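Take a look at the structure below.
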Amino acid sequence: MGCCDVKNDPKISNKKGLKIVALAGNPNVGKTTIFNALTGLRQHVGNWPGVTVEKKEGIMKYKGREFLVVDLPGTYSLTAHSIDELIARNFILDGNADVVVDIADSSCLMRNLFLTMEILEMGVKNVVIALNKIDLAKKKGVKFDIRKMEKVLGVPVIPTNAKSGEGLDELKKAIVAMIDGKITTNPVIPVYEEPIEREIEHISKLLTGTVLIERYNLRWLAIKLLERDEEVIKLVLNHLGHGKMDEILQHISELEQYYKRSLDIVIANQKYEFIDNLIHQFVIHQGEFKETLNDQVDRILTHPVYGFLSLAAVFYALFKFVFTFGTPMQEHLDALFSNLGEAIAPYIANEMVRGLVVDGIIGGVGAVLSFFPLVFLLFIGMAILEDTGYMARAAVVMERVMRKFGLPGKSFIPMVLAFGCNVPAVMATRALDDERDRIITMLINPLVPCSARMVVITFLAGAFFQEHKALIAVGIYMISILLALLSALLIGKFIIKGEESPFVIELPDYLIPSWKTVIIHSWERSKEFLRKAGTVILFGAILIWYLSNYPVPVGSGLSYAEKLGKALEPFSMLMGLDWKAAVSLIFGIIAKENVIATYGILYGVEEGEQALAILMRNAMTPLQAFTLALVTTLYLPCIATIGAIRAEGGNKWALVAVVYNLALASIIGILVYHLGFFLL
Amino acid sequence: MAKLDNLLELIRSGITNPKELAEKLGVSYEEVEGMIKILESMGYVEEIKFGENACNKCPLKSICPGSCIMFKGKIYQLKKKDFALKR
Ligand SMILES: Nc1nc2c(ncn2[C@@H]2O[C@H](COP(=O)(O)OP(=O)(O)O)[C@@H](O)[C@H]2O)c(=O)[nH]1
C-alpha cells in the first residue's frame, strides 16, 4: 500500500520465492510460542524497514516443503494509531501473505475476535484461526463448538495449546492446505446499522471508477474513510481528487452529526456488538461469572471504608515489620561503629585528624549508616506491597480521598514514589496533564516523609518512645500526609481550577512475590542510601565537624555552629527547640539524615547511636523530640528536592515551596509544642 | 447497547475501579480489560507512565539523595480526543 511511511518488502529475505505465512494476533496470545514451534531454530530477527520494530522471520518445513513465516507485531486493532498496527495492517493489505494465521486467545475471546473482524473486513480470504490457550479456556469452564465456529466465521479454526504443542500439526496442515488452494473460505464480515451501511455503499460506488478497485477492498476503504483514517484519506485523495473527496467528507460530517460523535467509535461499538452476537452461537458454556476469591478480596480492599481501614492497617504493619526486624540489626551495626571508633582512635596521633575521623565521620556518618537495616526493610515492605498487586488497590482507595481534597486521583502515584525519595516523585508529576494538578502535587510532595526522614523519625521515636515507637512513627507519617492533603485544599484555592482527564486503574491479579526479586529490588534501592552516606552525608558531617570545632570546640559558645544556632534559637525556642536543634535543621537541608549526624557531632558522641539516644533523652523531653521529628519532616524540602521543583516548575514554585514549607513547619511546630505542653 | 461507549461514559463519570466498571456494565472484569485495550489501540485512552525512568534520568543521580520506589500498576486515562465531533 502506498499510503504510509512504513514500507514492507518481504522479498528481501525471500529470495527463494517461498510462500508466505503471516502470524497476526493480540499481544500475549502466544504468537511467539507458535512462531517458534512452527519454525524451530530456522529464524532470522531484524527490523521492519525504516523503523525500530522487531521483525521476525523463519522457515517452516512441512513434508519436505519450505514456507516463510513472518511474525507481525501484536495489536488489538488495525487502526493507524501506532506504528505496530500500521506494519501489521500494511503487510496484510499489500497482499504479502499467502495465508494469515490469526492467533486468538480462547480464554478472552471478545478482544481477540475484534482483531479477527478487522482482518476479515480487509477482504482477506486466506485466514486460519489458531484458537490458542485452549487449556486455559477449559480451566475457566469455557467450551467451543469448533464446527459451528468455523461455519459462523467462515474460516478454519484450529484449537491449539502452544505450550504443550497440542494442535500445532493440525495448524500446519491447514496452513499448507490453504496455500495449496484446498480450502475455500467464506469469511464473515461485520454488518453495521443502516445509515452506516448506506454510506459505505455510497462511498464504494464513488471509488469503483478508480484504480483502487484493483488493489483494495472498497468496502474496507469506505469504512476507513468513515473513521477518518488519515492514511486512507491521503490514499483516496490521490486517486479521487478534491471534488469527490469533499463530497465524501460532507457525507461523513452529516453522519457524525446524526450519531453525535466520531464514527470510529460508532463503528467499533457496532462491530463489538456484532461479535457479541456471533460468540453466543459457538461458545457452548460460558464460564459463570462466579465471584472469585480475588474479586471478594478486592471488594474489601477497594471499599471506601474497609479499604481505607485496611490501608491504615497495612501501613501500621509495615512499620511494625520494619521496627521488629530492623531494630536488632540496627543495634548490631551501631555497636560495630562504636567499636570501630574506639579501636581506631588510639592509632591516630594527630588530635585534629582523630577528632575528624572519630567524632565527625564515624560519629556522624556512622549514626546515619546504622539505620541502613531500617531503610532496607522499608523497601522490602514496599516491594512486597508492589509485587503482590496491593498498591493498585491502595491507589483505588486513595484516589477517592485525593479527589475529596481537590487533588487529581492520579497524584497518588507521585505520592507513593515520594516515600522513597521526593526527587523522582516531583519528576513523576510530569505525567499529570493539567498544569494546576501538576503544581499542587509538586508542592505537597515534599510533605510526604521520604526514606531520609524515616531515619530521623525512627531515631527519635525509638529514643524517646520505646514502647510505642511504631505508633508514634506512623502518627508522624499520618500527620504529614494529612497536612499534605489539607495543603492541597489550601493551595488549590489560589490556583485556577483545571480539569482532570478521567482514568481507570488496572487491578492485576494477586501474586505471591518472588523473594529473589523483592530482595534484589530492595537492595538496588537501598544502595542509593549507602551511596548517599558516602557522599552528601559524609560531606555534611565534615562540614559540621569543622563548624562545631572551630575556632574553638563546641561548649565554649564560640564555635561557628554555636553562634549560628544561638542566633536562631529565639525563634526555634518558640517550638521548644534549642540551638542544637536549630543547627541540625540547618544542616538537614543538605540531606535530612544530617539532623541525626549533626546531633551526633554536637554531642561529641563516639559510641554510636545508642549513646546519642541516652544523651538526648537527658537533654530533651519526649514532647520536644516529637516536635523535632515533626518539624524535620515538614520544614523544608532538601536541596535536591528544591532543585527538582525548580527544574519542573521554575523559580517561582521553588520559592513558594520553600516559603510554604517553612511557614507550615513553624506553625505546626509552635502549635504542637504548646498544645502538648498544656495537655501533658 | 453500545458497550465501548458506555465504558467510556462510565470512566468519564469518575469510576476508576475496573471491577466496579465491570459490575455496572454486566460483563466480566476480563472483558473490561479487553475493551480498554481496544479503546487504547483506537486512541481513546492512553496509558500514563509515571516517571518510569525518573530515577535514571534524575539530574541528581550522581549524588542521589534517596531511593527510588516505582509504581507498577497500569493507569489508563481518557484522551482529549473524546467524543467530540471532529470538524
Ligand atoms: N496455558 C497456555 N499458555 C500459553 C499458551 N501459548 C502461550 N502461552 C503462554 O503465554 C505467554 C505469552 O506467550 P508469547 O508466545 O510470548 O505471546 P506473544 O506475546 O503473543 O508472542 C507465555 O507465558 C506462554 O508460555 C497456551 O496454549 N496455553
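The values are calculated or read from the model by the stated rules, or taken from the named source; none is laboratory data. Model, not experiment: these values are computed from the prediction. Note: ideal-geometry Cβ built from the backbone for every residue, glycine included; neighbour counts use all protein chains shown. For accessibility, only protein heavy atoms count, side chains too; no ligands or nucleic acids. Shrake-Rupley method; radii C 1.70, N 1.55, O 1.52, S 1.80 Å.
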Requested in this report: Using amide H atoms built 1.01 Å from N in the peptide plane, name the residues 5+ places from B:LYS79, or on other chains, whose amide H lies under 5 Å from its own.
Outcome: B:VAL45, B:GLU46
Query raised in the report: Short version: ³J(HN,Hα) in whole Hz for each residue of region A:599-608, in order, from phi by Karplus 6.51 cos²θ - 1.76 cosθ + 1.60 (θ = phi - 60°), x for Gly and Pro, what are they?
Result: 4, x, 6, 4, 8, x, 6, 10, 9, x
**Report entry** Protein-only accessible surface order, largest first, of A:ASP246, A:ASP98, A:ASP229 at 1.4 Å
**Finding:** A:ASP246, A:ASP98, A:ASP229
Query raised in the report: Which listed residue (A:ILE265, A:ALA611, A:GLY30) has the Cα farthest towards the positive end of the charge dipole for the protein assembly as shown, taking +1 on Lys and Arg C-beta and -1 on Asp and Glu C-beta about the Cα centre?
Result: A:GLY30
Requested in this report: Please list A:TYR272, A:TYR76 in order of solvent-accessible area, largest first, computed with a 1.4 Å probe with all protein chains present.
Outcome: A:TYR76, A:TYR272
Report task. Beta carbons within 10 angstrom, averaged per residue: use that to sort the peptides A:507-518, A:446-457, A:118-129, highest first. Result -> A:446-457, A:118-129, A:507-518
Query - Positive-pole candidate from A:LEU577, A:LEU530, A:GLY165, dipole of the protein assembly as shown, charges at beta carbon - result: A:GLY165
Report summary line: Mean separation of Cα contacts under 8 Å (at least 6 apart) over the residue count of chain A, i.e. the relative contact order in percent, is 11
Requested in this report: Kindly report the accessible area of chain A per residue (heavy atoms of protein chains, probe 1.4 Å, no ligands, DNA or RNA), in Å².
Outcome: 42
Query raised in the report: Dipole magnitude of region B:1-45 about its Cα centre, charges +1 at Lys/Arg Cβ and -1 at Asp/Glu Cβ only, in debye to the nearest 20?
Result: 80
Requested in this report: Quick one: work out the % antiparallel among DSSP beta bridges in the protein assembly as shown, nearest 5.
Outcome: 55
Query raised in the report: Quick one: net charge of A:LEU623's neighbours, Cβ under 14 Å, K/R +1, D/E -1?
Result: 0
Report summary line: Expressed in square angstrom to the nearest 10, the accessible area of A:ILE361 with a 1.4 Å probe stands at 50
Requested in this report: Could you go through region A:613-628 in sequence order and give the Karplus-derived ³J(HN,Hα) for each residue, using 6.51 cos²θ - 1.76 cosθ + 1.60 with θ = phi - 60°, rounded to whole Hz, and x for Gly and Pro?
Outcome: 4, 5, 4, 5, 4, 6, 9, 10, 8, x, 4, 4, 5, 4, 4, 4
Query raised in the report: Using θ = phi - 60° and the Karplus curve 6.51 cos²θ - 1.76 cosθ + 1.60, what whole-Hz ³J(HN,Hα) does each residue of region A:155-170 get, with Gly and Pro shown as x?
Result: 9, x, 10, 10, x, 9, 10, 4, 5, 9, x, 4, x, 6, 5, 4
Query raised in the report: What pairs from A:LYS244/B:LYS79; A:LYS63/A:LYS182; A:LYS224/A:LYS244; B:LYS3/B:LYS37; A:LYS19/A:LYS205; A:LYS31/A:LYS138 go past 23 Å between their alpha carbons?
Result: A:LYS244/B:LYS79; A:LYS19/A:LYS205
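How many Cβ atoms of partner chains, on average, are near each residue of B:17-23 if near means within 10 Å of its Cβ?
Taking all residues of B:17-23 together, the mean is 6.
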Query - Euclidean distance between Cα centres, region A:238-276 to region A:332-392, Å - result: 67
Query raised in the report: How big is the charge dipole of region A:194-285 about its Cα centre, in debye rounded to the nearest 20, if each Lys and Arg gets +1 on its Cβ and each Asp and Glu gets -1 on its Cβ?
Result: 160
Report task. Return the long-range amide H neighbours of A:PHE144 (sequence gap of 5 or more, or a different chain), with a cut-off of under 5 Å between placed amide H atoms. Result -> A:ILE284
Requested in this report: Leaving ligands, DNA and RNA out of it, work out the accessible area of A:HIS674 with a 1.4 Å probe and give it in Å² to the nearest 10.
Outcome: 80
Requested in this report: Please report the Cα spread of chain A along all three principal axes, rounded to whole Å, starting with the longest.
Outcome: 100, 56, 48
Query raised in the report: In region A:19-179, carbon and sulfur make up what percent of the accessible area (probe 1.4 Å)?
Result: 51
Report summary line: Of the candidates A:GLY406, A:PHE325, A:ASN661, the farthest towards the positive dipole end of the protein assembly as shown (Lys/Arg Cβ +1, Asp/Glu Cβ -1, centred on the Cα centre) is A:PHE325
Report task. Between the alpha-carbon centers of region A:413-468 and region A:562-596, tell me the distance in whole angstrom. Result -> 22
Report task. Using only the Cα atoms of region A:589-672, build the gyration tensor, take square roots of its eigenvalues as a ≥ b ≥ c, and label the shape rounded, prolate or oblate: rounded if a/c is under 1.5, else prolate if a/b is larger than b/c, else oblate. Result -> oblate
Query raised in the report: What is region A:19-179's relative contact order, in percent, from Cα pairs under 8 angstrom and six or more apart in sequence?
Result: 24
Query raised in the report: Is the shape of region A:533-668 rounded, prolate or oblate, going by the alpha carbon gyration tensor and its root eigenvalues a ≥ b ≥ c, with a/c under 1.5 for rounded and a/b larger than b/c for prolate?
Result: prolate
Query raised in the report: Nearest 100 Å², what total accessible surface is buried between chain A and chain B (probe 1.4 Å)?
Result: 6300
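How big is the convex hull of the Cα atoms of region A:194-285, per residue, in Å³?
Convex hull of Cα atoms, per residue: 112 Å³.
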Query raised in the report: If you place +1 on the Cβ of every Lys and Arg, -1 on the Cβ of every Asp and Glu, and leave all else neutral, what size is the dipole of chain A about its Cα centre, to the nearest 20 Debye?
Result: 740
Report summary line: Counting sequence-distant residues (5 or more places) and residues on other chains, those with an amide H built under 5 Å from that of B:THR16 are none
Report task. Whenever you get a sec, line up A:LYS172, A:LYS404 from highest to lowest accessible area (probe 1.4 Å, protein heavy atoms). Result -> A:LYS404, A:LYS172
Requested in this report: Please give the solvent-accessible surface of A:VAL536 in Å², to the nearest 10, using a probe radius of 1.4 Å with every protein chain present.
Outcome: 20
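What whole-number volume per residue, in cubic angstrom, does the convex hull of the C-alpha atoms of region B:1-45 give?
Expressed per residue, the convex hull around the Cα atoms of region B:1-45 is 62 Å³.
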Query raised in the report: For region A:584-625, rounded, prolate or oblate, judged on the Cα gyration tensor with a ≥ b ≥ c (square roots of eigenvalues), a/c < 1.5 rounded, else prolate if a/b > b/c?
Result: oblate
Requested in this report: Please sort by residue number the GluC sites (Glu not before Pro) in region A:408-503 whose DSSP state is loop and whose Cβ has at most 11 other Cβ atoms within 10 Å.
Outcome: A:GLU467, A:GLU499
Query - For residues of A:410-423, the mean tally of beta carbons on other chains within 10 Å - result: 5
